[in-house]
Amino acid sequence: MKEGNKLKSQRLIQPIKHALLGIVMIFGLGCATEDTQTVVNFTQLTFADEFDVDGPPNPGKWVYDIGIGPGNDGWGNGELQYYTNRPENVVVSNGYLIITAIKENFETAGYTSARLLTKGKFDQQYGRFEARMRLPYGKGMWPAFWMLGANIDTNPWPFCGEIDIMENRGRTPSIVSGALHGPGYWGANPEGSNPALKEYDFVNDRVDTGFHVYGIEWGPQYINLYVDDVLYKQFTPEDEKVTGPWVFDQGPFFMLINLAIGGNFDGPPNNETVFPQTMLVDYVRVYKYNGLD
Amino acid sequence: MKNEKRIYSRLALFLGLIIVVAVGCERDYDFGDDAKFAKFGNNPEIFIDGFSGGLEYLPFGGSKFDAFSVDTDVKYKGEAAMRFDVPNAFDPSTTLGFAGAIFPDYGGRDLSGYDALTFWAKATKAETISEIGFGNDFGDSPYRESTSKFLVTKQNLRISTAWTKYIIPIPDPSKLFNETGMFWYAEGPDENGDGYTFWIDELQFEKLGTIAQPQPAIFNGEDETGVNLVGTERQISGTTQTFNLANGQNETVLAAPAYFDFNSSDTDVATVTDNGLIQAIAEGATEITATLGGVPAKGSLELTVGEFSFAPTPPARNAADVISIFSNAYNDVPVDFYNGFFEPFQTTTGGLITIGDDDLLQYEELNFVATGFSNPTVDATQMDFLHIDIRIDEAIDAGDIIRIELVDFGPDGVFGGDNDSGGSITLTSADLGSATWISLDFPLDDFNGPAGGGAFNGLTNRANVAQVVFASDATIDAILVDNIYFYR
């Protein structure tokens, strides 16, 4: 255990050194260098969707959640959209997966959007999971790239575990967050059972004006959260925000990408929220854990 | 490994310097197509702890000239802040009852690398600053053919008693490569007549990188319809730019028309100038639209241009029975101006136009506008009536008014001096009609209503009449005026 901790702190120090080198290089060349992704260590590809074929997303890789959730409660979060797999809401075009949130009356909802999952198609324990995305903007937008324990049908949430690689509130266009949900730290509730969440602030940039890489590197007893070339958080079982059992060493997880509207993360849209809104995904890539770091 | 990498990067740094120097040398001798000789400094600082280089302080005429001072006691950061003392009502140091100034750098600065004007501010009480922004140059910019061409105004900026950072986005930074208007403001007492003090610190242009999602608009985003007569003009109003800021809030500023690119679907019917002035050329219909920085603006105008109709020709009169201010039928007295452009509260544009052989006054974006004739003033004591012809081509709404004011400068013949008087007559919607000339004859004894923004309450003298004012309080946007004369 202690050995592991030592290793982990080394892991954190290393990227800082690399970052310093990066700064020197930038001063010298006056432009960004190739050597920016020093925060990642795993390079053996196990899954990739580059979204290069126009039309519906590859059915060999993605399935959909349809509707307003099994409890008719906005997927447990009070979300306002009806998820569909119509091309209006989800399509691959010009090299991007495009999820579009539309304000329209559809079935029982006032909005439509889409949620894609790799459930039953691809899951993996440990490794590097990243997506390059441009997010929508405006109050009530809740885009997310996240993961759930693949045994969720037999080991229900939150015991299956949830890793939020990236979530964004549309009203904070410069801030994203990553989070872990597990038993005892599953969600905001009166007992204060908050998820283990860490925010990242772009400060002089936004999520909706350009593409950014959102990812994790996940190994035994740790999950590193990064944005572009910045490693902004390492969660371990010892983290003060992980107020329950570590449920991330018990099997593979599958990925989800969705654009929710409203719900208890950012609240509902307001009269300034512009529709339709789009979430663009350039690629989703997964790499194998190599056991070295 | 790491050491090697470090050495490499040092080498890269060294090489980089050499390349930069080499390129720099080359530029000294290369006067190719890309060469720009008029280089402007890009100093972003307006007031950090004192005036930045080149900055001037020029208060508005009639404002409290000493409203601005440098405060070394109250400040957000550093050594000093800008302090603004908004006067109480009837403060004798301001004839127009407000504080306001521009802070230009007439050397010009290249602001194209920034995306917002930012500052920290607080006040002695929670208040709203009427107008604050940049791009105001009093018409003295050597690089602009029109006054305050790229004016930006944030209206009713809410400030509190706590230091807070404010962001006024630049509608299109690429336009501001030679801007002189660094900062301006105008603010009067509150509705109780109370003044207050506010402070501004760390005033500068910044590249925030978080000013995004532009939503420009003309005509305040409305799709309007309108009628203009051949030869007349119409100012495109309600030109705004809206950005989403890092705090998720949309921020809307008034952006001068020059930020926009205008389009007329039929340029044989009407054209639009860079400054958003529509000129009706020939009978027909056209749609006026705009873009800002390539983004289509919300709002449009379906314009119908009709044949010009002149005001009725005034009857022949003996010279002794008429004093004409503006008419082609009589000899006019000397007139100083047909639009006083009283900053900062007047919005009205326009003035004298000529169609065929006839002179007319055309005003747009009307709230109030004065025609001045004080050199000399007019002695109307022997006259009984004021005649005016007015034409309104927009639909008349229930709350619409036209107020006609006369201002007398008193025995001294100049504005001020406690001997001025003024009075008004107000026409309501029932008195007005659309798309027709309205001929009005007012007894001079009837000018008993308020005038001069409440400064006067009745025309008690008319031996030194010096101004006639048309006001709509922004209820009616555009009017044509002809044949202004006193008679008996």
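The values are calculated or read from the model by the stated rules, or taken from the named source; none is laboratory data. Note that the structure is a prediction, hence the values are computed from the model and not measured. Quick reminder, even Gly has a Cβ in these numbers, built from the backbone with ideal geometry, and neighbours come from all protein chains shown. When the accessible area is computed, the model is the full protein with side chains, heavy atoms only, and any ligands, DNA or RNA have been set aside. Shrake-Rupley method; radii C 1.70, N 1.55, O 1.52, S 1.80 Å.
Some points to look at:
- Here's how it looks for B:SER237: its modeled amide H is under 5 Å from those of B:PHE219, which are all 5 or more places away or on a different chain.
- Per-residue average of Cβ from other chains inside 10 Å of B:210-216: 4
- The lysine pair tally for the range A:41-287, using Cα distances under 23 Å and a gap of 8 or more places or different chains, is 7.
- Probe 1.4 Å, all protein chains present, accessible-area order of A:LYS121, B:LYS64, largest first: A:LYS121, B:LYS64
- Centroid-to-centroid separation of the range A:123-180 and the range B:422-451 [C-alpha atoms, Å]: 67 Å
- In plain terms, if you count all Cα to Cα distances in the range B:167-269 and split them into 5 Å steps from zero, the share in each step is 2, 8, 15, 16, 17, 14, 13, 8, 4, 2, 0 percent.
- Between B:LYS207 and A:ILE66, the modelled label-to-label distance comes to 5.0 nm, taking each label 7 Å out from Cα in the direction of the beta carbon.
- Carbon plus sulfur fraction of accessible area for the range B:219-306, probe 1.4 Å, in percent: 43 percent
- Ranking A:ASN168, A:TRP246, A:ASN258 by how far each Cα lies toward the positive end of the dipole of the range A:41-287 (charges on Cβ) leaves A:ASN258 at the top.
- Length gained on full extension, B:PHE90 to B:ASN42, computed as 0.36 nm times the residue gap minus the Cα-Cα distance: 13.2 nm.
- Compactness check for the range B:408-488: Cα Rg over 2.2 N^0.38 Å is 1.19.
- Magnitude of the charge dipole, the range A:41-287, Cβ model with Lys/Arg +1 and Asp/Glu -1, debye to 20: 240 debye
- For chain B, calculated [θ]222 nm from helices alone, where every DSSP H run of n ≥ 4 adds -39500 (n - 2.57): -2000 deg cm²/dmol
- Exceeding the 24 Å Cα-Cα cut-off - candidates B:LYS39/B:LYS165; B:LYS39/B:LYS64; B:LYS149/B:LYS298; B:LYS39/B:LYS75: B:LYS39/B:LYS165; B:LYS39/B:LYS64; B:LYS39/B:LYS75
- Between B:ASP357 and B:TYR57, the simple spin-label model (points 7 angstrom out along Cα→Cβ) gives 5.6 nm.
- J(HN,Hα) series, the range B:131-147, from Karplus relation 6.51 cos²θ - 1.76 cosθ + 1.60, nearest Hz, glycine and proline x: 9, 8, x, 8, x, 8, 10, 6, x, 9, 6, x, 10, 10, 8, 9, 5
- For the range A:172-293: rounded, prolate or oblate by the Cα gyration tensor [a/c cutoff 1.5]: oblate
- Enclosed volume per residue, in Å³, of the convex hull spanned by Cα atoms of the range A:41-287: 124 Å³
- Candidates A:PRO156, B:THR348, A:ASN204 compared by Cα position along the dipole of the protein assembly as shown: farthest toward the positive end lies A:PRO156, with charges placed on Cβ.
- Over the range A:210-265: Kirkwood hydrodynamic radius from C-alpha pairwise inverse distances, Å: 13.6 Å
- Extension gain, B:ALA282-B:LEU440: 0.36 nm per intervening residue step, less the Cα-Cα distance, totals 54.0 nm.
- Nearest-0.05 FRET efficiency for B:GLU222 and B:ASN448, computed from C-beta distance (R0 30 Å): 0.20
- Across the range B:45-206, Cα-Cα pairs more than 21 Å apart make up 43 percent of the total.
- Estimated FRET transfer efficiency (A:ASN264, B:SER265; beta-carbon r; R0 51 Å; 0.05): 0.60
- Gyration tensor (alpha-carbon) shape descriptor, the protein assembly as shown, a/c threshold 1.5: prolate
- Between the amide H of B:ILE102 and those of B:LEU58, B:PHE60, distances stay under 5 Å, these residues lying 5 or more places away or on another chain, with hydrogens modeled in the peptide plane.
- Within-11-Å neighbourhood charge of B:PRO450 [Cβ basis; K, R +1; D, E -1]: 0
- Heavy-atom accessible surface that A and B bury in contact, both chains counted, 1.4 Å, Å² to 100: 1700 Å²
- Alpha-carbon centroid distance for the pair the range B:124-159 / the range B:377-413, whole angstrom: 31 Å
- Compactness check for chain B: Cα Rg over 2.2 N^0.38 Å is 1.14.
- Hydrodynamic estimate: the Kirkwood radius of the range B:319-487 over Cα pairs, inserted into Stokes-Einstein at 25 °C and 0.890 mPa s, corresponds to D of 154 µm²/s.
- Averaged over peptide A:174-181, the number of partner chain Cβ atoms lying within 10 Å of each residue's Cβ comes to 1.
- Per residue, the solvent-accessible area of the range B:219-306 (1.4 Å probe, heavy atoms of protein chains only, all protein chains present) comes to 40 Å².
- Probe 1.4 Å, protein heavy atoms only - accessible area per residue of the range B:45-206 in square angstrom: 37 Å²
- The charge dipole of the range B:319-487, taken about the Cα centre with unit charges on the Cβ atoms of Lys, Arg (+1) and Asp, Glu (-1), comes to about 220 debye, rounded to the nearest 20.
- For the range B:165-197, backbone nitrogen atoms closer than 15 Å to the point 7 Å from B:VAL74 Cα along Cα-to-C-beta are found at B:195-197.
- Using only alpha carbons, the range B:51-142 has a radius of gyration to Kirkwood radius ratio (Rg to Rh) of 0.96.
- Tilt relative to chain B, helix B:2-29 - C-alpha long axis, 0 to 90 degrees, to 10: 50 degrees
- Cβ charges +1 (Lys, Arg) and -1 (Asp, Glu), total dipole of the protein assembly as shown, debye: 4340 debye
- The range B:320-338 residues near the modelled B:THR313 label - backbone nitrogen below 11 Å, point 7 Å along Cα→Cβ: B:329
- With the simple spin-label model, which puts each label point 7 Å out from Cα in the Cβ direction, the B:GLU302 to B:ASP321 separation comes to 4.8 nm.
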